[in-house]
Amino acid sequence: MKATNVRFLSLIGSLLLLQGFAVTANAHADVPTFTVGWSVYAGWNPYFYMQKSGILKKWADKYAIAIKVQRFDYAASLDSFVAKNIDACTMTNMEALDMPAAAGVDSTAIIIGDYSNGNDAILVRNGLTFDKLPGQRIMLVQKTVSEYLLERGMVLNGQQAQLSKLRLINTSDSDIVPAFLNNTSNPVVVTWKPLVSQILADKSIHSIFDSSKIPAEILDLLVVRTEVLNRPDGSGVKFAKAISGAWYETVQQLAAGQPQALKYSAAASGDSVDSYKEQLKTTALFATPKSASEFATGPAIKQKMDLVRQFCYAHGLLGQGIKSVDDVAITYPDGSIQGRKDRVRLRFNATYMQAAQQGKL
Amino acid sequence: MVSILSAPQARPHAAASSSESPSPTAVQIQNVSVSYPIGKKARRTILEDISIDIQQGEFVVLLGETGCGKSTLLRMILGQEHPTQGHIAVSGSAVQRVDSRCGYVPQKYSLFPDRTVLENLAMGPETSHYHILGRLKPSFRTFRKQVHAEALNQLRHMGLQQSDAGKYPHQLSGGMQQRVAIAQALMMKSRVLLMDEAFSALDPATRSSLQRLLRTVWSETRPTVVFVTHNTAEALYLGTRLIVLARSSHADHCGSRVALDMQLPASGMSLRNNGQEFLDLVDHIEQFSRGDHLTTPSPDGEIR
Amino acid sequence: MANFSPFDIQARPNRLLSQSLSVLLFVICIGLYMQTSISRHRENSEDRVVPNARQLAAGIHASVFEPAEEDDYIPADNASRWERLHHSMIWKDTVSSGRRFFISLLLLIPAILLALHIGLFPWFGAGFLRFVLFFDKIVALSLLPILFIVFGIDEWSKIALIVIGVAPTIILDVSQMVRAVPQEQIVKAFTLDANNFDVAYRVVFRQVMPQVINSLRLNLKPMMLFLFAGEMIAASDGLAYRIAIMRRHMGMDVILPYVLWVAFLLFLIDLSLRVLNRRMHPWFQS
């Protein structure tokens, strides 16, 4: 409820203040200022440390720009991004496709931070198996990666024909833990960490499928509006370079187990360091720019993204007006395009990850 | 007339209950005191040692200044409030709670706003003869027809048109409403009719026409009436017996007592009929209303 | 415009002027919306945040004539408009939300009767009033985990949320109304040989009935709010469920018609209660 209120208010606010924002943004244009929105998630918490540690300021100063980092609720961050109130935002590949891209906001993913490698899971009571799921009530936040995970689990377990028989109950993530634990009549829940860990504390519940079985399908990205990136004065490129530099410096500290980095990143979501470490175990960080750019330029990403876009289209997430999956097209670093050439909305850009890899930032 | 003035305290009130009366006692008020606690220790006394016997067929007017406790006394006869000390009986049995032994006409809110005039009149007989499920019986329909006929009769008697029967109270003037309220009480054929400032909210012309109506009605059927008012002229015109309640002007911490209890001529006194005599009597009564004639209680509580 | 006097209490704008003033804000709102929509669409022809008329029309058409995405129903090519409406998304959502709403409304009847007793019977007043006063201050939404335990996550927890949310307010309100019934009326009824049942139900309840209905009218919006909260937290159908789902991908083209539809439904319920009140209680003077 709180989350939905916030996102609704933010939506209304963004509508009302639309003009106002534009005016104030122009008012102090001396130093180009960029705002990055992020939300609480194991793979995004480092943004908090990045800001607190001064790493971000260091890189911004290097490129003579200013970067602000702002924490949002996930939904509100996407709303703000689509409403163009913020310049860059953390999101999954699925939301990148069905929120900004499908809403016509041309977006570019400049950092592939990690993929969910077990953070999302399908949990069941009474040892249910996939063939028993049809007809059972399944609690999850619908139209998110949870539903994607559920479908992929069904497909990979040979239950594709049963997909339409699933009985989904859209349950707010803020209440899903007590709602599931207190209703033994609901045998299935699909959710993400740290909620998964909270639910698994009950020993009668166990996981039958998690995102480690579909590696690199649920990607966590940093997405910039393409028009920002392409600003004629070049400040957008500076921004992309600065944030990429800051990101990889941050992640390397984290991967090295630097205590401060762990402490601040855990504090970002109010977790203990232990709990955060546990979440990191199931988060496959692309800790080096090399790993990230190799993935971005490799063949796997196209294949994974195709699964995601087919899912989005089949579930109407691309919008009422979209009549073909190809109407929201994706380009990749090698220049290939998934979908119609004239309707490219989401771009994977490896330039900055590669620059980081070559130490050219 | 002269005798009234010369013997204003003719009826020794304490003795009245023991003397054998020609007509049976309708309302018996015995040594009634009322006080309320104010704060932790103090009590405020409203009425102090009131004893009044009202015979059947009497038209008693309770007169007194605002706040003297006359309405409290009326509410105790009704059963709505209870004396701190003493005893009240109506038709020979003690009053425990509000019931249909008394009819009641208050100053305001005397009619049920959600019922038409006819429904207001019929309500009493219907509820007293048939409870809610009993109304399913076929006999109820004939009974209701009778009651409605009787109610229309009563309305006509009170000077209302047949066409008024279907109206809601808010569609009637204040005077009309009080006429209906009297009719409603009379429908119950109660032994005692209690009226609390029933005409005080009306304009003078309406008020005097209702006073005339009430006197006529009373003289026809002679119900026992206890009528509370603060208007001396009204009291003198309506009553056959006048009781003035007052607090002693010498000791205002005491409760009100019976300051005056006198018989009035059955014809009804008014300035037009009685002239100077009426005015003198009004003067006389108002002295009593102020409590000038009341003494303070002696230390042992006896009233001198 | 000769005498422009918005701050004059005694001003008498003529009929035409007051009519146009009353539509002014609507026009401004629609104008602002259109302006925002046009400017956003100039920048991004696929903007979904402020859909234009064409997108809205498509959204309305999809809600009214096409089945919900999760339904298996596929309309036959020659299906009539009625047939399509009957299986449409908005129909399905309205029916399920409406059922929850009206069951809650029915469950408020015992609450109202309890209020009557609290206001009228000293024993009930002593037993319940303080507790209801306390309970009224509880923010029902914060009890959700408990509601889930007691009522499950299906229909009953949503209905319970509505009832627990508005019932204490209604009980307090109605018991105040009951207390405000003049004592004279109650005493009078007893002198007319009425028993306790008669006084409670045939004198007092009848009198406060129109006010009770007005109180319900005022509580329609809180009821809808609680219903929305419940449906957004856990549901598989309903008007708020659809809005929550549509927000996941910024389906404002469907959300806006839904919001207006809900407003219209509330207006309709309110209007019918008002008309019912006037018909049933011609004697009532507000």
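The values are calculated or read from the model by the stated rules, or taken from the named source; none is laboratory data. Note that the structure is a prediction, hence the values are computed from the model and not measured. Heads up, the Cβs are rebuilt from the backbone with ideal geometry, glycines too, and the neighbour counts pull from every protein chain shown. Just the protein is used for accessible areas: all its heavy atoms, side chains included, with ligands, DNA and RNA removed. Shrake-Rupley method; radii C 1.70, N 1.55, O 1.52, S 1.80 Å.
Step by step: first the residues of region B:154-168, then only those that are of a type in the set (D, E, K, R) and assigned to a helix (DSSP H, G or I), then the one that is surrounded by the most Cβ atoms within 10 Å (Cβ to Cβ). Which residue is that? The residue in question is B:Asp164. Just one of the numbered conditions (1) open to solvent by 40 Å² or more (accessible area, probe 1.4 Å); (2) within 14 Å of chain C (Cβ to nearest Cβ) is not true of A:Val344: (1).
You will find that of C:Ile149, C:Ile109, the residue that is of a type in the set (Val, Ile, Thr) and in contact with a helix residue (DSSP H, G or I) (Cβ under 9 Å, 6 or more places away or on another chain) is C:Ile149 and no other. The set of residues in region C:126-147 that are crowded, with 19+ Cβ neighbours inside 10 Å, in contact (Cβ under 8 Å) with a residue 60 or more places away in the chain and not small (Gly, Ala, Ser) contains only C:Leu144. For region B:110-147, which positions are at the interface with chain C (Cβ under 8 Å from one of its Cβ atoms), in contact with a helix residue (DSSP H, G or I) (Cβ under 7 Å, 6 or more places away or on another chain) and in a helix (DSSP H, G or I)? Scanning region B:110-147 gives B:Gly124, B:Thr127.
One residue is enough: does region A:324-336 have a residue meeting the conditions buried (at least 21 other Cβ atoms within 10 Å of the Cβ), assigned by TED's automatic domain parsing to the domain that holds A:Pro46 and either closer than 18 Å to A:Tyr115 by Cα or modelled with pLDDT of 95 or more (or both)? Give the steps one after another, and end with the answer.
Here is the first cut: in region A:324-336, the residues buried (at least 21 other Cβ atoms within 10 Å of the Cβ) are A:328, A:330.
So of that shortlist, the ones also assigned by TED's automatic domain parsing to the domain that holds A:Pro46 come out as A:328, A:330.
Cutting the leftovers down to either closer than 18 Å to A:Tyr115 by Cα or modelled with pLDDT of 95 or more (or both) gives us A:330.
Scanning region A:324-336 turns up at least one residue that is buried (at least 21 other Cβ atoms within 10 Å of the Cβ), assigned by TED's automatic domain parsing to the domain that holds A:Pro46 and either closer than 18 Å to A:Tyr115 by Cα or modelled with pLDDT of 95 or more (or both).
Residue pairs whose Cβ atoms lie under 6 Å apart, separated by 6 or more positions or on different chains, with the first residue in region A:134-147 and at the interface with chain C (Cβ under 7 Å from one of its Cβ atoms) and among the small types (Gly, Ala, Ser) and the second surrounded by fewer than 24 Cβ atoms within 10 Å (Cβ to Cβ) and outside any strand (DSSP E or B), do not occur.
State which residue is surrounded by the fewest Cβ atoms within 10 Å (Cβ to Cβ) when the search covers only region A:227-271 and only residues that are under 30 Å from A:Val344 (Cβ atoms) and small (Gly, Ala, Ser).
Selected residue: A:Gly234.
Contact map, region C:183-200: first residue more than 12 Å from B:Ser110 (Cβ to Cβ), second residue of a type outside the set (A, V, I, L, M, F, W, C) and part of a helix (DSSP H, G or I), Cβ cut-off under 6 Å, separation 6 or more or different chains; pairs are C:Asp193/B:Thr127; C:Asp193/B:Ser128; C:Ala194/B:Thr127; C:Asp198/B:Thr127. Residue check: B:Leu186 meets all listed conditions (1) surrounded by fewer than 23 Cβ atoms within 10 Å (Cβ to Cβ); (2) within 14 Å of chain C (Cβ to nearest Cβ); (3) at pLDDT 90 or above; (4) part of a loop (DSSP other than H, G, I, E, B) but one, namely (4).
Evaluating C:His61 against the criteria (1) farther than 30 Å from A:Val344 by Cα; (2) out of contact with any helix residue (DSSP H, G or I) (no Cβ under 6 Å at 6 or more places or on another chain); (3) open to solvent by 30 Å² or more (accessible area, probe 1.4 Å); (4) part of a helix (DSSP H, G or I) leaves one unmet condition, (1).
Quick test for you: out of B:Ala181, B:Ala151, B:Ala205, pick the one residue that is free of Cβ contacts under 8 Å to residues at least 40 places away in the same chain and either surrounded by fewer than 19 Cβ atoms within 10 Å (Cβ to Cβ) or under 30 Å from B:Leu73 (Cβ atoms) (or both). Please lay out each step first, then the result.
Values: B:Ala181 fails: free of Cβ contacts under 8 Å to residues at least 40 places away in the same chain; B:Ala151 fails: either surrounded by fewer than 19 Cβ atoms within 10 Å (Cβ to Cβ) or under 30 Å from B:Leu73 (Cβ atoms) (or both).
None of the other options fit; the residue is B:Ala205.
Screening C:Ser88, C:Ser22 for residues that are polar (S, T, N, Q), within 14 Å of chain A (Cβ to nearest Cβ) and free of Cβ contacts under 8 Å to residues at least 40 places away in the same chain leaves exactly one candidate, C:Ser88. For B:Leu238, the criteria (1) open to solvent by less than 10 Å² (accessible area, probe 1.4 Å); (2) modelled with pLDDT under 90; (3) not charged (D, E, K, R) hold in every case but one, which is (2).
The single condition from (1) of a type in the set (A, V, I, L, M); (2) in contact with a Ser or Thr (Cβ under 9 Å, 6 or more places away or on another chain); (3) open to solvent by 10 Å² or more (accessible area, probe 1.4 Å) that C:Met223 fails is (3).
Can you pull out the helices (runs of 4 or more DSSP H) entirely within region A:26-93 that have at least 3 residues that are touching a residue at least 12 places away in the same chain (Cβ under 8 Å) and outside the structural domain of A:Phe286 (by TED's automatic domain parsing)?
Working: elements: A:46-52, A:55-62, A:74-82.
It comes to none.
One residue alone among B:Gln80, B:Gln56, B:Gln107 is modelled with pLDDT of 90 or more, away from chain C (no Cβ under 11 Å) and under 21 Å from B:Val228 (Cα atoms), and that residue is B:Gln56.
Scanning region A:217-238 for residues that are assigned to a loop (DSSP other than H, G, I, E, B) and either out of contact with any helix residue (DSSP H, G or I) (no Cβ under 9 Å at 6 or more places or on another chain) or over 26 Å from A:Ala42 (Cα atoms) (or both) yields A:Asn230, A:Arg231, A:Pro232, A:Asp233, A:Gly234.
Of all residues in region A:111-143, which are among the aromatic types (Phe, Trp, Tyr) and surrounded by fewer than 24 Cβ atoms within 10 Å (Cβ to Cβ)? It would help to see each step written out before you state the result.
Let us first name the residues in region A:111-143 that are among the aromatic types (Phe, Trp, Tyr), namely A:115, A:130.
Across region A:111-143, the qualifying residue is only A:Phe130.
Taking region C:173-286 and the helices (runs of 4 or more DSSP H) fully enclosed by it, the elements with 2 or more residues that are in contact with a Gly (Cβ under 6 Å, 6 or more places away or on another chain) are at C:205-233, C:252-280.
Residue-wise test of (1) under 33 Å from the mean Cα position of the chain (by Cα); (2) surrounded by 11 or more Cβ atoms within 10 Å (Cβ to Cβ); (3) among the polar types (S, T, N, Q).
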| position | (1), (2), (3) |
| --- | --- |
| C:Phe7 | no, no, no |
| C:Asn14 | no, no, yes |
| C:Asn44 | no, yes, yes |
| C:Ala53 | yes, no, no |
| C:Ala68 | yes, yes, no |
| C:Ile74 | yes, no, no |
| C:Trp82 | yes, no, no |
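Select from region C:149-172 the residues that are in a helix (DSSP H, G or I) and free of Cβ contacts under 8 Å to residues at least 24 places away in the same chain and write down the one among them that is nearest to the other protein chains (Cβ to nearest Cβ). The qualifying residue nearest to the other protein chains (Cβ to nearest Cβ) is C:Ile149. One residue alone among B:Gly92, B:Gly86 is free of Cβ contacts under 8 Å to residues at least 60 places away in the same chain and on the phi > 0 side of the Ramachandran plot, and that residue is B:Gly86.
Against the test of being within 14 Å of chain C (Cβ to nearest Cβ) and closer than 30 Å to A:Phe34 by Cβ, the options A:Glu227, A:Glu217 yield a single qualifying residue, A:Glu227. Of all residues in region C:173-223, how many are away from chain B (no Cβ under 14 Å) and in contact with an Asp or Glu (Cβ under 7 Å, 6 or more places away or on another chain)? Qualifying residue count, region C:173-223: 3.
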